[in-house]
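What follows is a single structure, written as structure tokens, with notes after it.
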Amino acid sequence: MHLRYRYRLYPNRPQRQALARAFGCARLVYNDAVAARRDAYQAGERYPSSTALQRRLITEAKRTPERAFLAEVSNIALQQAVRDCDAAYSRFFDAVKAQGQRFVGYPRFKSRKDNRQAIRLHTGGFSIRANGKMRLARIGDVGVVWSRTLPAPPSSVTVIRDAAGRYFASFVVEAGDETAPPAVDADGTEREIALDLGLNHFAVDHNGNTITNPRCLRRAERRLRKAQKAVSRKQIGSNNRAKARQRLARCHAKVADTRADWLHQQTTRLVRENQAIYVEDLAVRGLARTRLAKSVQDAAWGQFRRLLEEKAYRRGRTCISVGRFESTSQVCSACGRKDGPKALAIRTWTCPRCGTAHDRDTNAAKNILALGRRERLNACGADVRPPMVAIGGEAGTQQSAPA
């Protein structure tokens with residue numbers, strides 16, 4: 001399977017200027033490719049091939065006075081920009097043909113004002129030096145913080161500059177077998193866990209154990225409010241406004257990094273300790289349009305579930321999502337009686353039939369456990385886990401709102 005490993009880069013001033021030129025030239029070639037495709041569509045002609053676009057937009061354009069500056073950057077980054085345009089159109093057409101999949105928008109022009117800029121290079125455009133630095137074509141040896149060892153030689157690298165002005169190198173590598181030993185108890189029984197996700201507690205399992213909600217955004221709201229006010233007071237277009245905007249971006253990046261680190265720690269622990277994990281398929285996009293939108297987005301249930309599924313797949317575990325229309329909070333886990341909908345303020349209730357006193361979240365987790373076991377037994381031996389691909393955005397990928 002292909003995995004993505006990201007590391008922090010620390011380019012010096014000349015290298016940052018060279019990267020800025022590379023970002024701008026790759027963005028220009030990408031926009032020219034999108035414009036050529038749109039012109040062909042409006043004229044009723046066939047879409048030009050990737051080879052024809054590379055010849056017209058790169059090779060021939062370098063010979064003109066208007067595009068002579070394209071020769072100052074690596075030709076590999078420009079070729080990858082055209083390939084990224086092809087990939088964007090392929091995803092768009094596949095989404096149009098497919099039924100029941102999330103719609104992918106029509107490829108759009110990139111703006112130089114976008115907070116995120118990126119270029120992609122294959123093995124001919126970069127190499128890892130013996131001194132630990134990474135050599136990039138037409139840029140030089142850039143310092144890298146190797147926070148962990150690459151499991152295999154990378155096939156490509158995406159150099160990214162985010163809104164906070166930080167630089168990253170995202171490598172795509174071919175990972176080997178990462179199947180972990182079975183997680184079993186002393187008697188040989190497989191360890192299972194069912195999680196009911198919420199806002200008061202991030203998750204409650206079927207044994208009543210809770211995972212505290214970190215509330216990363218809520219805890220940083222005061223600092224974010226102060227930074228946002230500083231931006232609004234600066235004159236539009238001034239250097240002071242740009243500096244204030246970058247300080248605000250660093251605050252948001254710290255919140256996102258803190259949340260991602262916490263999610264990785266929790267998902268790794270759950271996958272390591274359990275052979276099967278059952279969660280509820282929540283309608284996150286629908287809940288994000290309610291009065292609880294900020295808390296729902298801060299909890300990042302969608303990212304939590306995605307990380308669980310990916311790590312479970314890599315380590316040979318089972319992760320099953322229970323349907324969102326199952327009445328897990330309304331059914332008594334002891335006798336199966338459906339007691340009807342309940343307001344969110346009701347946290348405990350007693351079953352009228354069997355008299356069992358239930359904690360709302362623990363009872364829901366027990367029902368999720370029963371439904372997950374039933375779905376796991378009905379899998380008929382087929383591999384129902386999602387396919388693994390490289391994780392993370394590539395250059396040319398249309399970035400959507402975080403879940």
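Overview of results
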| quantity | calculated |
| --- | --- |
| Tally, over region 211-251, of residues that are touching a residue at least 60 places away in the same chain (Cβ under 8 Å) and of a type outside the set (A, V, I, L, M) | 6 |
| Residue selected from region 94-105 under the condition out of contact with any helix residue (DSSP H, G or I) (no Cβ under 6 Å at 6 or more places or on another chain) and surrounded by 11 or more Cβ atoms within 10 Å (Cβ to Cβ), by the criterion modelled with the lowest pLDDT | 98 |
| Criterion (under 30 Å from residue 274 (Cβ atoms) and not aliphatic (A, V, I, L, M)) met by exactly one of 161, 215, 245, 223 | 215 |
| Restricting region 188-217 to residues that are at pLDDT 95 or above and among the β-branched types (Val, Ile, Thr), the residue that is surrounded by the fewest Cβ atoms within 10 Å (Cβ to Cβ) | 212 |
| Failed item in (1) over 18 Å from residue 15 (Cβ atoms); (2) modelled with pLDDT of 95 or more; (3) more than 21 Å from the chain's Cα centre (by Cα); (4) not hydrophobic (A, V, I, L, M, F, W, C), with residue 182 passing the rest | (2) |
| So residue 248, is it in a helix (DSSP H, G or I) and in contact with a helix residue (DSSP H, G or I) (Cβ under 8 Å, 6 or more places away or on another chain) | yes |
| Top-ranked residue in region 264-292 [being aliphatic (A, V, I, L, M) and modelled with pLDDT under 95; ranked as farthest from residue 323 (Cα to Cα)] | 292 |
| Residue match in region 120-129 (condition: touching a strand residue (DSSP E or B) at 6+ places or on another chain (Cβ under 7 Å), exposed (fewer than 12 other Cβ atoms within 10 Å of the Cβ) and at pLDDT 95 or above) | yes |
| Breaking point among (1) surrounded by 12 or more Cβ atoms within 10 Å (Cβ to Cβ); (2) of a type in the set (Val, Ile, Thr); (3) in the same structural domain as residue 15 (by TED's automatic domain parsing); (4) over 30 Å from residue 247 (Cβ atoms), for residue 160 | (4) |
| Some residue of region 137-156 being closer than 25 Å to residue 322 by Cα and assigned to a loop (DSSP other than H, G, I, E, B) | no |
| Helices (runs of 4 or more DSSP H) lying entirely in region 267-338 (those with 1 or more residues that are surrounded by fewer than 19 Cβ atoms within 10 Å (Cβ to Cβ) and of a type in the set (A, V, I, L, M, F, W, C)) | 284-287, 293-299 |
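Residues checked against (1) more than 30 Å from the chain's Cα centre (by Cα); (2) of a type in the set (Ser, Thr, Tyr); (3) outside the structural domain of residue 145 (by TED's automatic domain parsing):
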site	(1), (2), (3)
32	no, no, no
56	yes, no, no
64	yes, yes, no
78	no, no, no
81	no, no, no
93	no, no, no
103	no, no, no
107	no, no, no
111	no, yes, no
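The values are calculated or read from the model by the stated rules, or taken from the named source; none is laboratory data. Keep in mind that what you see is a predicted model, and the values were worked out from it rather than measured. For neighbour counting, all protein chains shown are included, and Cβ atoms are generated from backbone atoms with ideal geometry for every residue, glycine included.
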